[in-house]
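Heads up, the thing below is written out as structure tokens.
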Amino acid sequence: MPLIEVTLAEGRSPEKLRALISKLTEAVVETDVAKKEAVRVILREVPKSHWAAGDETLAERAAKQQSN
């Protein structure tokens, strides 16, 4: 039973998250890894203030871009 875990910054619509689940499941089925019923998907949404790269959070980066 494949388990796909995806961590992403929060802010996407429920429709986009649902579409992501479907596409990930479809990819596993199409590559003959497992049947649809066996595929598990976990999406973890992280607040932008808790995700950083280069000592700058995504929230800080977005605020900086808005001020420019």
Fill in: Matching option when the condition is more than 12 Å from the chain's Cα centre (by Cα) and not acidic (D, E), among A9, A19, A52
A52
Worksheet, complete the sentence: Among R12, R18, R61, the single one that is open to solvent by 100 Å² or more (accessible area, probe 1.4 Å), without any contact (Cβ under 8 Å) to a residue 60 or more places away in the chain and in a helix (DSSP H, G or I) is R18
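The values are calculated or read from the model by the stated rules, or taken from the named source; none is laboratory data. Fair warning: this is a prediction, and the values are worked out from it, not measured in the lab. FYI the Cβ positions are ideal-geometry reconstructions off the backbone, even for glycines, and counts take in every protein chain you see. Note: accessible area is taken over every heavy atom of the protein model, side chains too, but ligands, DNA and RNA are not part of it. Shrake-Rupley method; radii C 1.70, N 1.55, O 1.52, S 1.80 Å.
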